[in-house]
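Have a look at the structure below before the remarks.
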There are 2 protein chains.
Amino acid sequence: MFDFTFHNPTKIIFGAGKEAMIGEELNAAGITNILLVYGRNSVVKSGLLDRVIASLKASDITCSQYGGVDSNPLLSHTRKGVDLAKRDKVEAILAVGGGSVLDESKAIAVGALSDTDVWDFFVGKEVTRALPVFTILTLAATGSEMNGNSVVTNAETRQKYNISSPHVYPKVSILNPELTHSVPLNYTAYSAVDAIAHVIEGYFTKEPGTHLQDRLVEGIIKTVIETTDLIMADPSHAQARASFMWTATLALNGLTPAGIGEFSFPNHMIEHALSAIYNIPHGAGLSIVMPAWMKWYVARNPSQFQRFAGEIFGLDSAVAGIAALEQWFVTIKSPVRLGEVKIPATDIEAIAENAEGLARQWGIGELYTRKTIAGILQLAV
Amino acid sequence: MFDFTFHNPTKIIFGAGKEAMIGEELNAAGITNILLVYGRNSVVKSGLLDRVIASLKASDITCSQYGGVDSNPLLSHTRKGVDLAKRDKVEAILAVGGGSVLDESKAIAVGALSDTDVWDFFVGKEVTRALPVFTILTLAATGSEMNGNSVVTNAETRQKYNISSPHVYPKVSILNPELTHSVPLNYTAYSAVDAIAHVIEGYFTKEPGTHLQDRLVEGIIKTVIETTDLIMADPSHAQARASFMWTATLALNGLTPAGIGEFSFPNHMIEHALSAIYNIPHGAGLSIVMPAWMKWYVARNPSQFQRFAGEIFGLDSAVAGIAALEQWFVTIKSPVRLGEVKIPATDIEAIAENAEGLARQWGIGELYTRKTIAGILQLAV
């Protein structure tokens, strides 16, 4: 165990139909005028947006609507959202959607209280304040509903960068697992990969000796696998969808890394470079990167990989554990090779060059040079 | 999974020497005058109180000191604390000690803002406000450092009752695991029992189908057993003491019950009756009650007891799992029979009578009648 501070003040309201409480929650916080951010038309077609707006009206809350958030949210769209938030003098941002909508909403919340360009905060400027963020989640995956992270892509510079600040933890996040029943199985698979990726980074790259955190991670991974298998067999399996949703939240709410000391996010670093260039789903990129990274990294931490194999799959060798995880990704139809998402091996150098910049930004440039990253990606050809 | 609201806003600052940050944290909250509550002389002798006061002085915070909290905090002492807090017009309560000091401090925080007797809140009056509570923890066990519970004993009526309110979550809790190195091994054992008791109540009495919560509970129990064994062999085992401390916090911070629906606290209910009458350590009472309760309850939920046996001890029968837990209590020298704490079997009727009142208060009076409770206690003779 290492020193840590844990402070996660987000209030979670979990259950069917709970989006009807949003007006009440905003009222309780003294908020009367908001920017409602969403993505594609699915939330309109499903009737969710109407239900949300009805709840706002019932609580006398005025709102400006801002749709069109991309699945990898773009800086250009974020900037327009910031302008809108300023123009309409909103007091809070309400995100209705998946992780990308939540991430862009957090960025808008920061930009709305700043005189400088919002991208500044992604390249080093400290976040000192933000409008309060409220969320209604429609896709379980990123954990953004209960953390202080936001990832946005600058299409001009091909940079997928993030901010991390206590000021952008959502005040209230409403999780209605029924909203996820219609999530297509391929996106459910990507979400499962994403949740696993969130917890294995710390698990494999930290120092040993953190008993509880290892157990928490193993519990999360086992639950993700168990519930995803149930969902694949029955996409409307209510218990599995609900457990999956809450598990994805806990996979990146600060709980599993609390006390584990220094660790790194190499898989996310490489994947961010991939999806900055190719606009593939984040989870699909991760299921390609993870097995490759594990095959390369296993020699650096063999005992933890051995433990992983035993605890998760009941297997007795590190290599067998990695193979079992890769095979599970295949079973749920998430890609494990670059060719499956039509990325040619000849592009590896360009990806590695992009990733190298991130590696330096994330403080792991010494281990993850362009050459190392290219070598890892070669294992995914 | 069932609907739930999870909102735990306590900030945890974990690490060696972190008590030195208390002045700063109070300052950041705009607090200038506090009541410092503690228990016996150990915090004076160890120098902890001096270090805390030095931190307060450095931040220009004035404080009134109030020591003498009992290990089962008493209403009479709590009432005097309320008077003191009112007299000195303090803006916050700072608890320095174990769970009992924290619990009494929360009660004082409630009473200080009320015109009526503080006991009213333990027998049904709703808590609507409280002074902010800050804590520096010296004993890992009760989880009071990160929850909204407070247990106080009314010696006149022999009632050990509790309040549970969002208003008494500590604002900041400082956890320095080094402060627990000197905790005697018997009290360490009682704390281990207590942490296990906190998570098994929900685990065994809820409905099935909550994948993640089962895994979290199993991870907590396995970590408690693993780290307690290390501490028994080496009381200054820094990693084990630290892991144990954080595990005890998570065992009762609202995480494991979130989403499990209705469940009950029968072991705590019976133990509260025991320690209300005999003033034995809470954990010692629990290690007597739990195996007895399990032997009685196993027939009502055999599959979960079977799972418990397999996941925790690698055993294949429910009965063997209960026996293994009881044997582990024996190994760490926590009592498992009433005779070990000198409670004669002839007292069982009186204990059951006391527990019956609690059972009704906690809404489980239908299942836990005086006769049922006496029957369970007979299994601990």
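Conditions tested, residue by residue: (1) over 25 Å from A:Val96 (Cβ atoms); (2) β-branched (Val, Ile, Thr).
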| position | (1), (2) |
| --- | --- |
| A:Pro177 | no, no |
| A:Thr180 | no, yes |
| A:Asn186 | no, no |
| A:Val193 | no, yes |
| A:Glu201 | yes, no |
| A:Gln213 | yes, no |
| A:Ile221 | yes, yes |
| A:Thr228 | no, yes |
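Entry remark, region B:4-43: residues being farther than 18 Å from B:Gly143 by Cα, within 12 Å of chain A (Cβ to nearest Cβ) and surrounded by 15 or more Cβ atoms within 10 Å (Cβ to Cβ) number 5 in total. A count restricted to region A:78-100 and to residues that are surrounded by 21 or more Cβ atoms within 10 Å (Cβ to Cβ), closer than 21 Å to A:Asp115 by Cα and of a type outside the set (A, V, I, L, M, F, W, C) stands at 2.
Do we find a residue being within 11 Å of chain B (Cβ to nearest Cβ), within 24 Å of A:Ile12 (Cβ to Cβ), surrounded by 24 or more Cβ atoms within 10 Å (Cβ to Cβ) and at pLDDT 95 or above anywhere in region A:231-240? Yes, region A:231-240 contains at least one residue that is within 11 Å of chain B (Cβ to nearest Cβ), within 24 Å of A:Ile12 (Cβ to Cβ), surrounded by 24 or more Cβ atoms within 10 Å (Cβ to Cβ) and at pLDDT 95 or above.
Table: residues versus (1) touching a Gly at 6+ places or on another chain (Cβ under 8 Å); (2) buried (at least 23 other Cβ atoms within 10 Å of the Cβ); (3) more than 14 Å from chain B (Cβ to nearest Cβ).
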position: A:Thr157; (1), (2), (3): no, no, yes
position: A:Lys160; (1), (2), (3): no, yes, yes
position: A:Ile174; (1), (2), (3): no, yes, no
position: A:Thr188; (1), (2), (3): no, yes, yes
position: A:Asp194; (1), (2), (3): yes, yes, yes
position: A:Leu216; (1), (2), (3): yes, yes, no
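The residue pairs whose first member lies in region B:19-37 and is of a type in the set (Ser, Thr, Tyr), whose second member is modelled with pLDDT of 95 or more and assigned to a strand (DSSP E or B), and whose beta carbons are closer than 8 Å, counting only pairs six or more residues apart or on different chains, are B:Thr32/B:Thr62.
One line per residue, one yes/no per condition, for (1) out of contact with any strand residue (DSSP E or B) (no Cβ under 7 Å at 6 or more places or on another chain); (2) farther than 26 Å from B:Gly143 by Cβ; (3) surrounded by fewer than 17 Cβ atoms within 10 Å (Cβ to Cβ):
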site	(1), (2), (3)
B:Pro281	yes, no, no
B:Ala284	yes, no, no
B:Val289	yes, no, no
B:Ala299	yes, yes, yes
B:Asp316	yes, yes, yes
B:Val336	yes, no, no
B:Arg360	yes, no, yes
B:Gly375	yes, yes, yes
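Looking only at residues in region A:60-69 that are in contact with a helix residue (DSSP H, G or I) (Cβ under 7 Å, 6 or more places away or on another chain) and surrounded by fewer than 17 Cβ atoms within 10 Å (Cβ to Cβ), which one is farthest from A:Val151 (Cα to Cα)? In this case the residue turns out to be A:Ser64.
B:His198 falls short on exactly one of the conditions (1) within 26 Å of B:Ile231 (Cα to Cα); (2) within 14 Å of chain A (Cβ to nearest Cβ); (3) crowded, with 24+ Cβ neighbours inside 10 Å, and that condition is (2).
Say whether the condition of being part of a helix (DSSP H, G or I) and either surrounded by fewer than 15 Cβ atoms within 10 Å (Cβ to Cβ) or not aliphatic (A, V, I, L, M) (or both) is met by at least one residue in region A:70-77. Within region A:70-77, one or more residues are part of a helix (DSSP H, G or I) and either surrounded by fewer than 15 Cβ atoms within 10 Å (Cβ to Cβ) or not aliphatic (A, V, I, L, M) (or both). Against the numbered list (1) more than 9 Å from chain A (Cβ to nearest Cβ); (2) surrounded by fewer than 24 Cβ atoms within 10 Å (Cβ to Cβ), B:Glu226 comes up short only at (1).
The values are calculated or read from the model by the stated rules, or taken from the named source; none is laboratory data. Quantities reported herein were computed from a predicted structural model and do not represent experimental measurements. Please note: Cβ atoms are built from the backbone with ideal geometry, for glycine as well, and neighbour counts cover all protein chains shown.
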